[in-house]
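A.B. asks: Encoded as structure tokens, here's the structure I'll be asking about.
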Amino acid sequence: MFVDRVTIFVKGGDGGRGCLSFRRGKYVPKGGPDGGDGGDGGDVILRAVAGTDSLAEIVNRKHWYADKGAAGQGSNCYGRQGRDLVIAVPPGTVIYDRDRGHILRDLTGAGDEVVIAKGGKGGRGNRAFVSSVNQAPRQVEPGQPGEERWLVLELKVIADAGLIGLPNAGKSTLLSRLSHAHPEIADYPFTTKHPHLGLVRLGQDRSLVLADLPGLIEGAHAGVGLGHEFLRHVERTRVLTHLVEPMPADGSDPLQNYRVVRRELELHSRALAEKPEVVAVSKAELPGSEEVRARLERELGREVLAISAVTGQGLAKLVGMLAEKLSEEKAVV
């Protein structure tokens, strides 16, 4: 199950209470206060862990609590510190404060972590209150409560290149041909309900991560269709691979379909629309696809590829262009 948005409650552990105690011993003529401090509560930590690509592991648990600190003890013994609670999430997880709405942290890389709810400090025992005028204090402190908050975790898939285009443009078929991924493939729209990732080999020791992103329709920037589900994930990709279907089943104009997708990207985010793009006419084995490719090339004033996931036409060139765009983008950064 793919899950890319969850809401959870987190609470750091409460600090332990300080101890009220006085030293007593057979051969100790003068005792005194010896109550130890309580232990600090554990923290709640969110950590990005490589190898996970969904929030499904945490979707069924809404409340997360770190350990409480133990109370202090006599003989100046400090209470045990509460254990930290580590919640593993996929790289690319954005953490929002649900009530305030702002971003707390963006965990983009494996190993990134943040203390999202700090544990409370342990209370002081009566030994800490000794003074020249108070030799036998009987006061202690309760532990401080741990921080608590509601969070919204939102996953934005991180990939080198993302496949975009209207539904049925051939994105899933292309991903399955270029990698070992197995997305659902069918002859009806919106077979892809969530992103699929595949590893495309570029050589002996080079590869790129390719994402098949859910198709979008006009009005996606306003939430129509799979709108926000699509656009959220495409934000993370470094290069866009725009597939245009030459003979849409609804009889629409392929050139206009290209403009629809570009318009939705621009309305959602200017930065998204300015990402490097490789344009390709898919299903090149169909008659008339070459005319569509030529029209699109004249319109854009740059090279448009003709590819076929069925026959393999143009796939090597497509992968080469993606690798080149990624290298250029990395050099600029």
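The values are calculated or read from the model by the stated rules, or taken from the named source; none is laboratory data. Owing to the predicted nature of the structure, the values given are computational and were not obtained by experimental measurement. Ideal geometry is used to build each Cβ from the backbone, glycine not excepted, and the neighbour counts take in all protein chains shown. Please note that ligands, DNA and RNA were not included when accessible areas were found on the heavy atoms of the full protein model with its side chains. Shrake-Rupley method; radii C 1.70, N 1.55, O 1.52, S 1.80 Å.
A.B. asks: For region 56-68, give me each residue that is of a type in the set (D, E, K, R) and buried (at least 24 other Cβ atoms within 10 Å of the Cβ). Give the derivation first.
C.D. replies: At the first step, the residues of region 56-68 found to be of a type in the set (D, E, K, R) are 57, 61-62, 67-68.
Scanning region 56-68 gives a single hit, 68.
A.B. asks: So, of the residues in region 279-333 that are acidic (Asp, Glu) and at pLDDT below 90, which turns out to be nearest to residue 179 (Cα to Cα)?
C.D. replies: Pass one, region 279-333, residues acidic (Asp, Glu): 285, 290-291, 297, 299, 303, 324, 328-329.
Going one step further and asking which of them are at pLDDT below 90, we end up with 324, 328-329.
On the way: 324: 19, 328: 23, 329: 23 Å.
Filtering region 279-333 for residues that are acidic (Asp, Glu) and at pLDDT below 90, the one nearest to residue 179 (Cα to Cα) comes out as 324.
A.B. asks: Out of the residues in region 17-76 meeting the condition of being of a type in the set (Val, Ile, Thr) and touching a residue at least 24 places away in the same chain (Cβ under 8 Å), tell me which one is nearest to residue 143 (Cα to Cα). Don't jump to the end; show me each part of the working.
C.D. replies: Start the filter on region 17-76 by keeping residues that are of a type in the set (Val, Ile, Thr), which leaves 28, 44-45, 49, 52, 58-59.
Subsequent filtering for residues that are touching a residue at least 24 places away in the same chain (Cβ under 8 Å) retains 44-45, 49, 52, 58-59.
Numbers: 44: 17, 45: 20, 49: 32, 52: 37, 58: 29, 59: 31 Å.
So the residue we want is 44.
A.B. asks: Applying the selection to region 63-120, what residues are in a loop (DSSP other than H, G, I, E, B) and of a type in the set (S, T, N, Q)?
C.D. replies: Within region 63-120, 75, 76, 81, 108 qualify.
A.B. asks: Since residue 323 meets every condition but one in (1) free of Cβ contacts under 8 Å to residues at least 60 places away in the same chain; (2) farther than 30 Å from residue 5 by Cβ, which condition does it not meet?
C.D. replies: The one condition residue 323 does not meet is (1).
A.B. asks: Return the only residue of 255, 272, 243 being at pLDDT 90 or above, surrounded by fewer than 21 Cβ atoms within 10 Å (Cβ to Cβ) and either assigned to a helix (DSSP H, G or I) or not small (Gly, Ala, Ser) (or both). Don't jump to the end; show me each part of the working.
C.D. replies: Details: 272 fails: at pLDDT 90 or above; 243 fails: surrounded by fewer than 21 Cβ atoms within 10 Å (Cβ to Cβ).
The unique qualifying residue is 255.
A.B. asks: Quick check on residue 115: is it out of contact with any Leu (no Cβ under 7 Å at 6 or more places or on another chain), open to solvent by 20 Å² or more (accessible area, probe 1.4 Å), at pLDDT below 95 and among the aliphatic types (A, V, I, L, M)?
C.D. replies: Values: out of contact with any Leu (no Cβ under 7 Å at 6 or more places or on another chain): yes; open to solvent by 20 Å² or more (accessible area, probe 1.4 Å): yes; at pLDDT below 95: no; among the aliphatic types (A, V, I, L, M): yes.
So residue 115 fails the test.
A.B. asks: For region 48-85, give me each residue that is under 16 Å from the mean Cα position of the chain (by Cα) and modelled with pLDDT of 95 or more.
C.D. replies: Step one: list which residues in region 48-85 are under 16 Å from the mean Cα position of the chain (by Cα), which gives 48-59.
The answer is none; no residue qualifies.
A.B. asks: Now, a different point. Considering only residues of region 156-172 that are hydrophobic (A, V, I, L, M, F, W, C) and under 10 Å from residue 241 (Cβ atoms), which is nearest to the chain's Cα centre (by Cα)? Explain how you work it out, then say what you get.
C.D. replies: Here is the first cut: in region 156-172, the ones hydrophobic (A, V, I, L, M, F, W, C) are 157-159, 161, 163-164, 166, 169.
With under 10 Å from residue 241 (Cβ atoms) added as a condition, the list becomes 161, 163-164.
Working: 161: 17, 163: 19, 164: 20 Å.
By that ranking, first place goes to 161.
A.B. asks: Which members of region 4-15 meet the condition of being farther than 16 Å from residue 147 by Cβ and either open to solvent by less than 10 Å² (accessible area, probe 1.4 Å) or in a loop (DSSP other than H, G, I, E, B) (or both)? I'd like the intermediate steps shown before the answer.
C.D. replies: Taking region 4-15 as the starting set, the residues that turn out to be farther than 16 Å from residue 147 by Cβ are 4-7.
Selection gives 4, 6.
A.B. asks: Also: For region 20-55, how many residues are open to solvent by 30 Å² or more (accessible area, probe 1.4 Å) and aliphatic (A, V, I, L, M)? Walk me through how you get there before you give the answer.
C.D. replies: Kept after step one, since they are open to solvent by 30 Å² or more (accessible area, probe 1.4 Å), are these residues of region 20-55: 20, 22-31, 37, 40, 47, 49-53.
Then keep just the ones that are aliphatic (A, V, I, L, M); that gives 20, 28, 49-50.
Residues in region 20-55 being open to solvent by 30 Å² or more (accessible area, probe 1.4 Å) and aliphatic (A, V, I, L, M): 4 in total.
A.B. asks: Residue check: is residue 42 farther than 21 Å from residue 109 by Cα and at pLDDT 95 or above?
C.D. replies: yes
A.B. asks: If you go through region 72-87 one residue at a time, how many are closer than 19 Å to residue 60 by Cα and either open to solvent by less than 60 Å² (accessible area, probe 1.4 Å) or of a type in the set (D, E, K, R) (or both)? Step through it out loud before you land on a result.
C.D. replies: From region 72-87, those closer than 19 Å to residue 60 by Cα are 85-87; that's our starting set.
Next cut, either open to solvent by less than 60 Å² (accessible area, probe 1.4 Å) or of a type in the set (D, E, K, R) (or both) only: 85, 87.
The qualifying residues number 2.
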